[in-house]
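Written below as structure tokens is the structure these notes are about.
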Amino acid sequence: MLSGYPEAYLKERPRWMSLDAVADFFYFGFRNLRKYLSIVLLDMGAIGILWLLMNYVIIRLSTGRIGYALVPWWVFGLGVVEAAALWESFGRSFGHRVARVELRRTDGGEPTATQRILHWLLWHVSVLPIFPLLFIPSPHERVSGLELRPFTMEGRTPKPWWRTSTGIYVAWLTGVALLAAISVTVSWEDLVRLFTKAGTTAKFWRSFFSPDTSIILKTIRDLIVTVFMAMTATSFAVLVAVPLSFLAARNLMRGVVGRLIYTVIRGMMSIIRSIEPVVWAIFFLVWVRVDLTPFAGVLALFVHSVSDLTKLYAERLESIDPGLIEAIAATGANRLQILRYAVIPQIVNPYISFTLYRWDINIRMATVVGVVGGGGIGQALFFYLTGNLWRQAGTVMLFIIALVWAIDYLSARLRAKLA
Amino acid sequence: MAEPYLVVEHLTKVYERGHVVALKDVSFEVQKGEFLVIIGLSGSGKSTLLRCINRLIEPTKGRIFIDGVEITKLSPRQMRKFRRKIGMIFQHFNLIKRATVMTNVLTGRLGYNPTWMTLLGIFPRSDRELALKNLERVGLLEKAYVRADELSGGQQQRVGIARALMQEPELLLADEPVSALDPATSHSVMQYIEQMNREDGVTVLASLHFLSLARRYGTRIIALKDGELVFDGAPEEIDDRKFKEIYGEEAEEVEIR
């Protein structure tokens, strides 16, 4: 009857004004609220993005300028809200699909037109002020006799995607987004140049295939420095990331405090990770620059590796088999013993494998970090390129290709062994 | 009658603010040396019941006494110590897959040895000898230094039994010990459990899927349905009507030999 309530709660209602009743009201109310709001926000977002992109393409193609607003902002806002209300009352909206629900009568039947209209009208009273959603069922559902039920294909034949509103929406959005993307990134002049000016790069290719043998020794030295940069950064990153990963694993961090630590660490890590190592390198160059030493580059790789490894390690921790933990706990083992005999055996090999993978990435990254002055072979490459020393640059690139290929191969082989 | 070894009083377990009730007011007693089989459909609360008895899952309400000790009152530290007397084996064996059989069996002694030693992987000679003895008992002596994941399902469960034997338990909890095994292997594993029950006097609580296995090995059967105790009696007392009551109208009894 009333979805969302536990059976016991219906059978024996808590006395009104008891603390339990108030707690339950908010607990179930907020769950209800979250359910509706996530659907409504998804629908409004979906409609809003499509509308903005369409505006963009129309303005761009008709006038060549960049613009997003064919209508005033308040018309846009109201339109999005209204479109969401209509979509959710008269069809199965994008949000409904994501949440795997559909609008049905409380007895499970197909809604009638009257019910849908009632649902749509009262949607404005119920969903827009948000507060009424705390009640179960919410006012618009109570009056219209409709409710969101888990979607099931039982007893129905599937519709092809082009007959569903979400299918049409996604196809339309993809088309418009592609048009917009092309109009931003490609112009007619670019295309003409691409097909007529290939000859200008001939000098580059010629020098690439006539290496300068006199710089081979120096290049190899730079290459070794690059490998060392990656090794130093990876090793210290492991030391920091291993303990951090335990604090960033959802299944180990329970309770309010645990969840807080988990959220803070995960958040910090994703912020650090979203800044590219090159940017970190510039940051550290300003901070610790000591005359073109690779230290700044190492720091940049280290910081980025810590955040990446912490995430990889933590995800592995989250997927360990809880059965083994139970089994070891059942023998009377304490926390440390459980860690040693149930957790660590499950994570050692994946951890080594992730570390190798990261080391391999760090070698490639080290060449890029070097370009901004972070040391190693990247710095040499940058020096030759800016000095128009094409032959030397070509030589360095040949060495980088050989190194990256070799490390790639080596780490893939090692990781296959560990799996 | 003597003082019962295990007493479960009004045991209730509720998950998620009253959303899921796994056990509803379950009470029963077990005498020392009994082989008690728990039957019921998947999700009827068998696993939860077993895990409440060694408090891998904390009960919401109710009391549990083992050997006169109210274990629901013990502190986590005291409980860990008490668990040494309670062996447990699992449906999916729950062995350390990458470690040797020997290491797996030795983990049964974790509760008896100082933490620092076990962290370094050191176990006393007496424990190692006991491990070999127990492995011989389950017929896996020559597999002692083989990795656990190289063994077959039946062999892995026997390692699980050896691990439980290492605890020198008074009580064995077996959570669907043979559900992942084929019929022939099932009997061999059940016979090792029966041997523990008869020869070492270990009280056994085993949840089983097949009624035929329950009848063959159990000295007494209890049945759970939706978290409630619906039957408590001798194996012979389960007739066709009782069976349908426990498993639902459409169930057919399947024989496993």
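The values are calculated or read from the model by the stated rules, or taken from the named source; none is laboratory data. Bear in mind the structure is a predicted one, so any value in this text is a computation, not a measurement. Because the Cβ atoms are built from the backbone with ideal geometry, glycine has one as well, and the counts that use them run over all protein chains shown. Each accessible area value is taken on the protein alone, full model and side chains, heavy atoms only, with ligands, DNA and RNA left out. Shrake-Rupley method; radii C 1.70, N 1.55, O 1.52, S 1.80 Å.
Annotations for the structure displayed:
- One residue stands out in segment A:323-344 among those that are of a type outside the set (A, V, I, L, M, F, W, C) and part of a helix (DSSP H, G or I): the one that is most open to solvent (accessible area, probe 1.4 Å), namely A:R335.
- Tabulated pairs, segment A:257-279, first touching a residue at least 24 places away in the same chain (Cβ under 8 Å), second surrounded by 14 or more Cβ atoms within 10 Å (Cβ to Cβ) and part of a loop (DSSP other than H, G, I, E, B), C-beta under 7 angstrom, 6+ apart or interchain: A:I265/A:A248; A:R266/A:A248; A:M269/A:A248
- Answer residue from segment B:31-62, given it is in a strand (DSSP E or B) and more than 23 Å from A:A327 (Cα to Cα) and is modelled with the highest pLDDT among those: B:G62
- Annotation for segment A:263-285: no member residue is among the acidic types (D, E) and open to solvent by less than 80 Å² (accessible area, probe 1.4 Å).
- Just one residue in the set A:G108, A:G95 is modelled with pLDDT under 85 and among the small types (G, A, S); that residue is A:G108.
- Test: residue in segment A:209-224 that is more than 28 Å from A:G370 (Cα to Cα), of a type outside the set (D, E) and either open to solvent by 50 Å² or more (accessible area, probe 1.4 Å) or assigned to a helix (DSSP H, G or I) (or both): no
- The residue pairs whose first member lies in segment A:150-163 and is closer than 15 Å to A:L103 by Cβ, whose second member is open to solvent by 100 Å² or more (accessible area, probe 1.4 Å), and whose beta carbons are closer than 8 Å, counting only pairs six or more residues apart or on different chains, are A:P150/A:R100; A:F151/A:R100.
- Selection of segment B:170-203 for residues being assigned to a loop (DSSP other than H, G, I, E, B) and either in the same structural domain as B:N134 (by TED's automatic domain parsing) or open to solvent by 40 Å² or more (accessible area, probe 1.4 Å) (or both) yields B:E170, B:S179, B:A180, B:D182, B:D200.
- Any hit, segment A:249-271, residues being closer than 16 Å to A:R364 by Cα and assigned to a helix (DSSP H, G or I): no
- Candidates are the residues of segment B:76-131 that are aromatic (F, W, Y) and in contact (Cβ under 8 Å) with a residue 12 or more places away in the chain; the one that is most open to solvent (accessible area, probe 1.4 Å) is B:Y112.
- When A:S93, A:S138, A:S89 are checked against the criterion of being closer than 24 Å to A:F26 by Cα and open to solvent by less than 40 Å² (accessible area, probe 1.4 Å), A:S138 stands alone in meeting it.
- Qualifying residue in segment A:383-391 (condition: within 17 Å of A:F228 (Cβ to Cβ) and of a type outside the set (K, R)): no
- In the condition set (1) closer than 27 Å to A:I130 by Cβ; (2) at pLDDT 90 or above, A:V71 is compliant with all but (2).
- The residue list A:V286, A:V303, A:V279 contains one member that is in a helix (DSSP H, G or I) and closer than 24 Å to A:I224 by Cβ, which is A:V303.
- Inspection of segment A:166-184 identifies at least one residue that is part of a helix (DSSP H, G or I), open to solvent by 50 Å² or more (accessible area, probe 1.4 Å) and at pLDDT below 85.
- Only one of the listed residues (A:I363, A:I401, A:I347, A:I320) is within 14 Å of another protein chain (Cβ to nearest Cβ) and either in a helix (DSSP H, G or I) or closer than 21 Å to A:L299 by Cβ (or both). That residue is A:I347.
- The set of residues in segment B:94-115 being more than 9 Å from chain A (Cβ to nearest Cβ) and of a type in the set (V, I, T) consists of B:T100, B:V101, B:V105.
- Members of segment A:136-165 that are assigned to a helix (DSSP H, G or I) and among the acidic types (D, E): A:E141
- Residue satisfying condition, being assigned by TED's automatic domain parsing to the domain that holds A:A21 and farther than 21 Å from A:M44 by Cα, within set A:S126, A:S144, A:S138: A:S144
- The residues in segment B:210-243 that are outside any strand (DSSP E or B) and open to solvent by 70 Å² or more (accessible area, probe 1.4 Å) can be counted, and the count is 10.
- Residue check, B:V159 of a type outside the set (D, E) and within 12 Å of chain A (Cβ to nearest Cβ): yes
- Scanning segment A:52-86 for residues that are under 30 Å from A:R104 (Cα atoms) and open to solvent by less than 40 Å² (accessible area, probe 1.4 Å) turns up A:G77, A:G79, A:V80, A:V81, A:A83, A:A84, A:A85.
- Residue count for segment A:53-92 under the criterion of being part of a helix (DSSP H, G or I) and without any contact (Cβ under 8 Å) to a residue 24 or more places away in the chain: the result is 11.
- Residue check for A:T232: part of a helix (DSSP H, G or I), of a type in the set (S, T, N, Q) and surrounded by 15 or more Cβ atoms within 10 Å (Cβ to Cβ): yes
- Residues satisfying the stated conditions in segment B:43-75, i.e. at the interface with chain A (Cβ under 9 Å from one of its Cβ atoms) and more than 16 Å from B:T107 (Cβ to Cβ): B:R51
- All positions within segment A:107-126 that are of a type outside the set (A, V, I, L, M, F, W, C) and open to solvent by less than 70 Å² (accessible area, probe 1.4 Å): A:G108, A:G109, A:P111, A:T112, A:Q115, A:R116, A:H119, A:H124, A:S126
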